[in-house]
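Here the structure comes first, spelled out in structure tokens, and everything after it is commentary.
The values are calculated or read from the model by the stated rules, or taken from the named source; none is laboratory data. Everything quoted here is computed from the prediction, not taken from an experiment. A quick note on method: Cβ atoms are made from the backbone with ideal geometry, for glycine too, and the neighbour counts reach across all protein chains shown. When the accessible area is computed, the model is the full protein with side chains, heavy atoms only, and any ligands, DNA or RNA have been set aside. Shrake-Rupley method; radii C 1.70, N 1.55, O 1.52, S 1.80 Å.
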Amino acid sequence: MGTGVYCHVPFCKRRCAYCDFYVEIRPLEIRRRTVRAILAEAESAAGEIPGGVCESLYIGGGTPSHLGGDLATALASGLRARLPFDPAAEITMEANPESLDRPLLDAIRAAGVNRLSIGVQSLDDASLAALGRAHDARGAREAVRLAREAGFENLSCDLIYGLPAAPGAEQREDSRWRRSLEETIGLGPDHISCYLLTLEDHVPLARHLASGSGGLLPGEEQARAAYETAVRALEDAGYGHYEISNWSRRGFECRHNLGVWRGGYYLGLGPGAHGHLPGRRTANRRDLEGYIASLERGDPPRREEIPTDERSASEESVMLGLRLRDGVAWADLGQRFDPVRLARIRERIAPLAPAGLIEDDGVRLRLGREGLFVSNAIVAEILAAAE
């Protein structure tokens, strides 16, 4: 398993109503300085790459495409020049439809980006407005078309389900979700991610709903039905369900994210970026000015480093591994947990299998179809048994 690189670009045209990511709305000059700072951080961190080779780069955010063609190109090509990437590395860049045009797409593809992840979120204009997105459905369709025309052969689309609805209008929201999903499938992306809308209390949409405006979030039963709609529609269309929220055509699974879910190492670059290196987790501070200033002085960015011990690594292997449809191998669990704890895990999960929540063939442990939507509760059960 090779090392990945995650690069966080915090800039957006505006903050969406549901967003809790580290995002900044800043002018062009600040964006230029940030790109230079990220490249300086990459150069200083090149010696930290476990194994000496990077097999994936994921440029996320924020909206990396909001940098514009020149800066996005400088970032992608600059990272590839400063870090030891395998020639066949997967290079992903996230993009939003309103920031994509043919010159930018041509530029980033020439700079080595070979996988594009477009934040479609919905193909219903009312849903997009409720989410505070800066694009409409027509713009999302056009972005996918332009990406294909520019030669991107590995294209992913993100969708969000579980949007709020006024009392009595739940069926209309379900219909919007179904149409968006089916139309996105019709656009022919190689990979589709479907995420349940979750809101932190401080984000604008949460405050709007708390005020009594804008309807209510769906209950668990309705949200689960929307998820089942995605499972059925995507499987019927030939997409493999390889992770709880992710589907792809064969061979188009996101290699970077698979590395993360399998416990692999990755270097985190940029303000607010997280990383996983031997013996520690890292987190760059969410402080754009401080980040830029430290690197312009020639100092490393302010970073939190959290040592990883055997127990936390074992718990994380269960939590992340069960997100994958392949699950986790009992042989691996046997190396991570002593026989007593392993026996407690087997005892705790035994009642879950008849209900379809867990599948256990004696070689691998995985979530059953009924367990996919309640994965957090199942993982919590397993970790409690391992205490």
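Overview of results
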| quantity | calculated |
| --- | --- |
| Whichever residue in region 257-291 is open to solvent by less than 10 Å² (accessible area, probe 1.4 Å) and out of contact with any Pro (no Cβ under 8 Å at 6 or more places or on another chain) and, among such residues, is nearest to GLU235 (Cα to Cα) | GLY264 |
| Residue that is most open to solvent (accessible area, probe 1.4 Å), among those in region 361-387 that are touching a strand residue (DSSP E or B) at 6+ places or on another chain (Cβ under 8 Å) and not β-branched (Val, Ile, Thr) | ARG364 |
| Conditions (1) in contact with a Cys (Cβ under 9 Å, 6 or more places away or on another chain); (2) closer than 30 Å to PRO204 by Cβ; (3) open to solvent by less than 20 Å² (accessible area, probe 1.4 Å); number of the one not met by LEU104 | (1) |
| Some residue of region 191-202 being in a helix (DSSP H, G or I), more than 20 Å from the chain's Cα centre (by Cα) and not hydrophobic (A, V, I, L, M, F, W, C) | no |
| Any pair with Cβ under 7 angstrom, 6 or more apart, that starts in region 370-387 at a residue that is free of Cβ contacts under 8 Å to residues at least 24 places away in the same chain and ends at one that is surrounded by 16 or more Cβ atoms within 10 Å (Cβ to Cβ) and in a loop (DSSP other than H, G, I, E, B) | GLU370/LEU357; GLY371/LEU357 |
| Subset tally (residues that are within 17 Å of ALA293 (Cβ to Cβ) and touching an Asp or Glu at 6+ places or on another chain (Cβ under 8 Å)) for region 8-29 | 1 |
| So ALA45, is it in contact with a strand residue (DSSP E or B) (Cβ under 7 Å, 6 or more places away or on another chain), buried (at least 19 other Cβ atoms within 10 Å of the Cβ) and in a helix (DSSP H, G or I) | yes |
| Selection count, region 120-131, where residues are in contact (Cβ under 8 Å) with a residue 40 or more places away in the chain and over 12 Å from PRO189 (Cα atoms) | 7 |
| Region 279-304 residues that are in contact (Cβ under 8 Å) with a residue 24 or more places away in the chain, paired with ones that are part of a helix (DSSP H, G or I) and basic (Lys, Arg) (beta carbon under 6 Å, 6 or more apart) | ILE292/ARG33 |
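To keep it simple, each residue is scored yes or no on (1) touching a residue at least 60 places away in the same chain (Cβ under 8 Å); (2) surrounded by fewer than 21 Cβ atoms within 10 Å (Cβ to Cβ); (3) touching a helix residue (DSSP H, G or I) at 6+ places or on another chain (Cβ under 7 Å).
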{"site": "ARG133", "(1), (2), (3)": "yes, no, no"}
{"site": "ALA140", "(1), (2), (3)": "no, no, yes"}
{"site": "ALA150", "(1), (2), (3)": "no, yes, yes"}
{"site": "PRO167", "(1), (2), (3)": "no, yes, no"}
{"site": "GLN171", "(1), (2), (3)": "no, yes, no"}
{"site": "GLU183", "(1), (2), (3)": "yes, yes, no"}
{"site": "GLY214", "(1), (2), (3)": "yes, yes, yes"}
